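Participant: Have a look at the structure that comes next, please.
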Amino acid sequence: ASCSITEAILNANANNQSGSADCPAGSGIDTILLNTDITFTTPYMNGFNDTSATPFITESLVINGQNHTIDRNSTSHFRFFHVTTAPVTLSFKNMIMENGSAGAGGFMYMLAMNGLAIDIVQFTGGVSGWEGGAIYANGIANGVTIQKSKFENNSGGMGGALFINEADTKIQATQFLN
């Protein structure tokens, strides 16, 4: 059996193996390593009116894509990752994300958390009806850092690629292309 990203996030959130025995038990700041490309076709049901591919993230986490692609292939609109009011720090590295689509944050919706780090990530084709075609980040206490990344063909009502509010932001060696 294999460990899905959904099961790995559930284990990390619970700091145990309650999401799946196929994944390592969560403990402290976990690292999820992607060993294959992922294509999401349906959203995970987080509760009322959420449109995310994975469970809400409630514990600090590193997701290392190991140069794999995460994609959405669906007529349903949903983002990939979601944090709402949790004292967590997230790090995403070495991956490509394609075709995210949500009301806010086509790939990521990050609200009232500790920190967000993006390193060597390509965001392509993210769409948001409101803010942040790729990333919506609001109230990030310890700031947002984006480096060596690429945002291409993302669109949103405010912030075609990024909507960042109430967060110190550092962007280095990163491209924004249409």
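The values are calculated or read from the model by the stated rules, or taken from the named source; none is laboratory data. Please read all numbers here as calculations on a predicted model, not as lab measurements. FYI the Cβ positions are ideal-geometry reconstructions off the backbone, even for glycines, and counts take in every protein chain you see. In case anyone asks, the SASA skips ligands and DNA or RNA and just uses the protein heavy atoms, side chains included. Shrake-Rupley method; radii C 1.70, N 1.55, O 1.52, S 1.80 Å.
Participant: Please verify whether residue 86 is aliphatic (A, V, I, L, M), open to solvent by 40 Å² or more (accessible area, probe 1.4 Å), free of Cβ contacts under 8 Å to residues at least 60 places away in the same chain and not in a strand (DSSP E or B), treating the condition exactly as stated. Walk me through how you get there before you give the answer.
Facilitator: Values: aliphatic (A, V, I, L, M): yes; open to solvent by 40 Å² or more (accessible area, probe 1.4 Å): no; free of Cβ contacts under 8 Å to residues at least 60 places away in the same chain: yes; not in a strand (DSSP E or B): yes.
Here the answer is no, as residue 86 does not meet what is asked.
Participant: Between a first residue in the stretch 127-152 that is basic (Lys, Arg) and surrounded by fewer than 21 Cβ atoms within 10 Å (Cβ to Cβ) and a second residue that is in a loop (DSSP other than H, G, I, E, B) and at pLDDT 95 or above, which pairs have beta carbons less than 9 Å apart while being 6 or more apart in sequence or on different chains?
Facilitator: That search, which allows pairs on different chains as well, returns 148/173; 148/174; 150/174.
Participant: Look through 163, 92, 123 and report the one residue that is farther than 23 Å from residue 8 by Cα, assigned to a strand (DSSP E or B) and either modelled with pLDDT of 95 or more or open to solvent by 40 Å² or more (accessible area, probe 1.4 Å) (or both).
Facilitator: Residue meeting the stated conditions: 163.
Participant: A further question follows. Run down 58, 36 and say which single residue is part of a loop (DSSP other than H, G, I, E, B), under 28 Å from residue 139 (Cα atoms) and either touching a residue at least 24 places away in the same chain (Cβ under 8 Å) or within 13 Å of the chain's Cα centre (by Cα) (or both).
Facilitator: When all the criteria are applied, what remains is 58.
Participant: What residue, of 29, 5, 9, is open to solvent by 80 Å² or more (accessible area, probe 1.4 Å), out of contact with any helix residue (DSSP H, G or I) (no Cβ under 7 Å at 6 or more places or on another chain) and in contact (Cβ under 8 Å) with a residue 40 or more places away in the chain?
Facilitator: Going through 29, 5, 9 in turn, the sole match is 29.
Participant: Against the conditions (1) in contact with an Asp or Glu (Cβ under 8 Å, 6 or more places away or on another chain); (2) open to solvent by 20 Å² or more (accessible area, probe 1.4 Å), where does residue 20 fall short? Just the number, please.
Facilitator: Result: residue 20 passes all but (2).
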